[in-house]
Amino acid sequence: MRGSHDGVQRLNDTLDLVSRIWRSVIQVDDLSHESDFFALGGHSLMAVDVVDACSERLGREIPVGLLFEHPQLSEFVRAILDCESGCVTDS
């Protein structure tokens, strides 16, 4: 049961971190788990800024293509967590 709790805590912590980064880069206050990066006004240069900030804060490289493949906030966070040991994207 402990592992499940740790996974939920890691998900929540990562979601909080990525939400703060999106708010800062896109300069929006209102986000939900279903928010879409590009629908909020994000574009490719902002995507690079978001991914760079996430990579720096999480201490590992995240490919920018991951945000293009998973533009919804909760999906992007899950994709980040799913590829902790290394990501391969279509981009």
Counting only residues 5 or more apart in sequence or on a different chain, those whose built amide H sits under 5 Å from that of Gln72 are Phe37
accessible surface per residue for the chain, probe 1.4 Å, DNA/RNA/ligands not counted, whole Å² -> 60 Å²
Distance in nm between Asp6 and Cys83 label points, each 7 Å along Cα→Cβ, equals 2.4 nm
Sparse-neighbourhood loop hits (GluC sites (Glu not before Pro), region 18-71; DSSP loop; Cβ within 10 Å at most 11 others) -> Glu34
In the chain the accessible area split gives carbon plus sulfur, as whole percent at 1.4 Å, a share of 48 percent
Kirkwood calc, the chain, C-alpha pairs only, radius in angstrom 13.2 Å
Once Asp30 and Ser55 are pulled to full extension, the length gained, defined as 0.36 nm per residue separation minus their Cα-Cα distance, is 6.7 nm
Here, Val48 and Leu17, labelled 7 Å along Cα→Cβ, have an inter-label distance in nm of 2.3 nm
Answer in debye to the nearest 20: the dipole magnitude of the chain about its Cα centre, from +1 Lys/Arg and -1 Asp/Glu charges placed on Cβ, is 240 debye
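The values are calculated or read from the model by the stated rules, or taken from the named source; none is laboratory data. The shown structure was predicted, so the numbers you read here are calculated from the model rather than taken from an experiment. Please note: Cβ atoms are built from the backbone with ideal geometry, for glycine as well, and neighbour counts cover all protein chains shown. Protein only, heavy atoms only, side chains kept; ligands, DNA and RNA dropped before computing areas. Shrake-Rupley method; radii C 1.70, N 1.55, O 1.52, S 1.80 Å.
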